[in-house]
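Working notes for the structure below.
The values are calculated or read from the model by the stated rules, or taken from the named source; none is laboratory data. Just so we're clear, the structure is a prediction, and the values are computed from it rather than from any experiment. Note: ideal-geometry Cβ built from the backbone for every residue, glycine included; neighbour counts use all protein chains shown. Surface areas here come from the heavy atoms of the whole protein model, side chains and all, with no ligands, DNA or RNA. Shrake-Rupley method; radii C 1.70, N 1.55, O 1.52, S 1.80 Å.
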Amino acid sequence: GGRLLLALTLEGLEAAGCRTTLVAPDLKPADPKRVAFRSVLSGHPLAIARHLQPTLAQEVERRLLAERFDLVHVEQLQALPQAEAAFRLGVPVVLREQNVESDLWAATAARTPGLKGRLLGIESRRLARWEGKAVRRVAATLPLTEEDASRLRFLSGGIGRIRVVRAPFPDLPPGPSPLPGDPPLVLLVSRGWLPNEDSVAWFLREVWPAVRVEAPGAVLHVFGADPGSTPPAAAVHHPAPQDSAEAFAPGSILAVPLRIASGVRMKILEAWARGVPVVGTPAAVAGLEAEDGRELLVAADARDFARAVARLHREPGLARSLVEEGRRARLERHDPARVAADLLAVYRGVREAAESAAR
């Protein structure tokens, strides 16, 4: 989702006539012992130390010394240490926070028992302090939602320029062909991110059995990483598709069972774009300015989830209404051209403030 958001943002800026230079990290898995050593040595929280890349920071500095840039856009909190040269050279730095990182750590800690949970809690508090300092330091911070903006203002003590710029998403055609099931229910799975793994485990353990009671003909289609457990009844695993349209099949329902979340779910925006109704938890739909029963259905627990799926199956008119309102929400709030214009307005304001301060 994060990489898709960045790609769509770059496309929008290019369409608006901007010239951008992308400096990207090496995403090889970090050794946990080395990360812990870096954290102690640097004083950074583990989430930041894990992404420290001196060669990337050197490349940023080389680029800044070689040519003139109006500003440096840092994508996500973990990338900020690589922009130290911009601070030294007086180039304005804009930080986009796709989510409030310390809140994700805190919520994960609350759901993790024992010593590991307590250690995660300590790290979440370290990260919250670091995150607040980051917001105070940069020229502007760009969260995706008003909820995240409010949290960042709290963490920074009300200091720092915070502007909400929504996530862009284009209009897309429907998926190529239907999936089996009456109804087919789609679950998108990825590995390596605790909130996602928690949601999948909860869905397979509690939600799917309840759905099977309410809608006996339903078939679960799991796209992406193997969930890692014995497949439940009436479930089919699909590898990550080459074209995401395959996972947003006409006539299907997208399940988004996240219990730990911040920012926005790009998968919900894609469902809106492709005309697939959505059932999600309150955490999953937070920040989208969507209403239960208007653009999607909200389910707080396994029983609610099952009833929502069965309701969409029994009421095709409701499904059509959710699809129509979802398309409207995407167009009104997430149109790429409109989002690019909002982003450019922040950039111009930051640049003008820097020029005024330099005079």
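Observations, loosely collected:
- Cβ pairs under 6 Å, 6+ apart, first in region 28-49 and over 17 Å from residue 105 (Cα atoms), second at pLDDT 75 or above and among the charged types (D, E, K, R): 30/50
- A search for C-beta distances below 8 Å between a residue of region 288-308 that is over 19 Å from residue 326 (Cβ atoms) and any residue that is hydroxyl-bearing (Ser, Thr, Tyr) and open to solvent by 10 Å² or more (accessible area, probe 1.4 Å), counting only pairs 6+ apart in sequence or on different chains, returns nothing.
- Matching helices (runs of 4 or more DSSP H) fully within region 36-152 where at least 1 residues are closer than 23 Å to residue 284 by Cα: 46-49, 101-110, 114-137
- Answer from 262, 244 - the residue that is closer than 17 Å to residue 4 by Cβ and either among the aromatic types (Phe, Trp, Tyr) or surrounded by fewer than 20 Cβ atoms within 10 Å (Cβ to Cβ) (or both): 244
- Just one of (1) in contact with a helix residue (DSSP H, G or I) (Cβ under 8 Å, 6 or more places away or on another chain); (2) open to solvent by 60 Å² or more (accessible area, probe 1.4 Å) fails for residue 113. It is (1).
- Index of the failed condition, residue 192 passing every other in (1) surrounded by 15 or more Cβ atoms within 10 Å (Cβ to Cβ); (2) touching a Pro at 6+ places or on another chain (Cβ under 9 Å); (3) without any contact (Cβ under 8 Å) to a residue 60 or more places away in the chain: (1)
- If you check 158, 175 for being farther than 17 Å from residue 256 by Cα, open to solvent by 30 Å² or more (accessible area, probe 1.4 Å), not hydrophobic (A, V, I, L, M, F, W, C) and not in a strand (DSSP E or B), only one passes: 158.
- Residue identified as over 23 Å from residue 335 (Cβ atoms) and in contact with a strand residue (DSSP E or B) (Cβ under 7 Å, 6 or more places away or on another chain) among 216, 241: 241
Per-residue answers, yes or no, for (1) open to solvent by 10 Å² or more (accessible area, probe 1.4 Å); (2) among the hydrophobic types (A, V, I, L, M, F, W, C); (3) free of Cβ contacts under 8 Å to residues at least 40 places away in the same chain:
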site: 90; (1), (2), (3): yes, no, no
site: 108; (1), (2), (3): yes, no, no
site: 118; (1), (2), (3): yes, no, yes
site: 131; (1), (2), (3): no, no, no
site: 149; (1), (2), (3): no, yes, yes
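- Check on residue 78, within 26 Å of residue 148 (Cα to Cα), of a type in the set (S, T, N, Q), surrounded by 12 or more Cβ atoms within 10 Å (Cβ to Cβ) and in contact with a Leu (Cβ under 6 Å, 6 or more places away or on another chain): no
- The selection criterion, being open to solvent by 50 Å² or more (accessible area, probe 1.4 Å), closer than 30 Å to residue 287 by Cβ and of a type in the set (Val, Ile, Thr), holds for residue 20.
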